[in-house]
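Colleague: Quick one: structure below, then a few questions.
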Amino acid sequence: MKKLFLFIVMCCIASVTTFAQENKWGAGINIGYGTDISKPFIGVRAQYDIIEQLSIAPSFNYYFKTSEDIGYGEEIDYNYWDINVDLHWNVLHGESFKLYPLVGLTYMHGKASYEGESETDGWVGANVGVGAQLNLGTNWCVGVEAKYQIIEGGQFVPLATIMYRF
């Protein structure tokens, strides 16, 4: 029984190691700007190469807080964050670079606060854009993207990413 268990464990380790060598995962940090919100953001991103030509890249971005003066020393605070899942079609790819158009889904969440009261809203939309990624050795890469979030009002979102690939 112990030999069978050891054999199964070794097969699982071998298959995971083989799978990890064929497909690359990555995790990193985004910085960017939302033109409709008119604020920069910082976020986290993961990336998984499904095959050499296709990658999926989920991300979460938090926009820096915005305050609007409404007079008499009163302000309304606005907070935004978004979740994206983008599909990259790696049209041009080599050992050290990728160039891709992207499409994806987005969910934008907004919250307005005034004198202890708050109101929230959410919008579902789509992403379209282009991007590029440059590998810096075997484990690090940097990337840039320019995408348009098709949501209420819509916004252009340029961003830069640094990612560790494993």
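Colleague: What is the helix-to-structure angle for 2-22, meaning the angle in degrees between its Cα long axis and the longest Cα principal axis of the chain, kept from 0 to 90 and rounded to the nearest 10?
Modeller: That helix lies at roughly 60 degrees to the long axis.
Colleague: Counting alpha carbon pairs within less than 8 Å and at least 6 residues apart, what relative contact order, in whole percent, applies to the chain?
Modeller: It rounds to 19 percent for the chain.
Colleague: Cα-Cα pairs above 30 Å in the chain: how many percent?
Modeller: 33
Colleague: Give a residue-ordered list of calculated ³J(HN,Hα) values for region 43-58 (Karplus: 6.51 cos²θ - 1.76 cosθ + 1.60, θ = phi - 60°; whole Hz; x for Gly, Pro).
Modeller: Running phi through 6.51 cos²θ - 1.76 cosθ + 1.60 with θ = phi - 60° gives x, 10, 9, 10, 8, 9, 7, 5, 9, 4, 8, 10, 10, 10, 9, x Hz.
Colleague: Separate question: Tally Lys and Arg at +1 and Asp and Glu at -1 over the other residues with C-beta under 11 Å from the C-beta of MET163: what net charge comes out?
Modeller: Summing Lys and Arg as +1 and Asp and Glu as -1 gives +3.
Colleague: Taking K and R as +1 and D and E as -1, what net charge do the other residues with C-beta under 14 Å from the C-beta of LEU105 add up to?
Modeller: That works out to -1.
Colleague: Above 22 Å lies some portion of the pair distances; for region 18-101, what is it as a whole percent of all C-alpha pairs?
Modeller: In whole percent, the share of Cα-Cα pairs in region 18-101 beyond 22 Å is 44.
Colleague: First compute the accessible area of region 74-166 with a 1.4 Å probe, then give the percent of it belonging to carbon and sulfur atoms.
Modeller: Carbon and sulfur atoms account for 65 percent of the accessible area of region 74-166.
Colleague: Just want to confirm a number: the relative contact order over region 26-117, from Cα pairs under 8 angstrom separated by 6+ residues, in percent.
Modeller: 21
Colleague: In square angstrom, what is the accessible area per residue of the chain with a 1.4 angstrom probe?
Modeller: The answer is 61 Å² per residue.
Colleague: Next question. Please compute the net charge surrounding TRP140, taking Lys and Arg as +1 and Asp and Glu as -1 over other residues with Cβ under 15 Å from its Cβ.
Modeller: +3
Colleague: How large is the charge dipole for the chain, taken about the Cα centre, if only the Cβ atoms of Lys, Arg (+1) and Asp, Glu (-1) carry charge, to the nearest 20 debye?
Modeller: That gives the chain a dipole magnitude of about 1300 debye.
Colleague: Say the dipole of the chain comes from +1 at the beta carbon of Lys and Arg and -1 at that of Asp and Glu; which of LEU99, PHE41, ASN139 then lies farthest toward its positive end?
Modeller: Going by the Cα projections, it comes out as ASN139.
The values are calculated or read from the model by the stated rules, or taken from the named source; none is laboratory data. For clarity, every value in this text was computed on a predicted model and none was experimentally measured. Ideal geometry is used to build each Cβ from the backbone, glycine not excepted, and the neighbour counts take in all protein chains shown. Side chains are part of the model used for accessible areas, which takes the heavy atoms of the whole protein and leaves out ligands, DNA and RNA. Shrake-Rupley method; radii C 1.70, N 1.55, O 1.52, S 1.80 Å.
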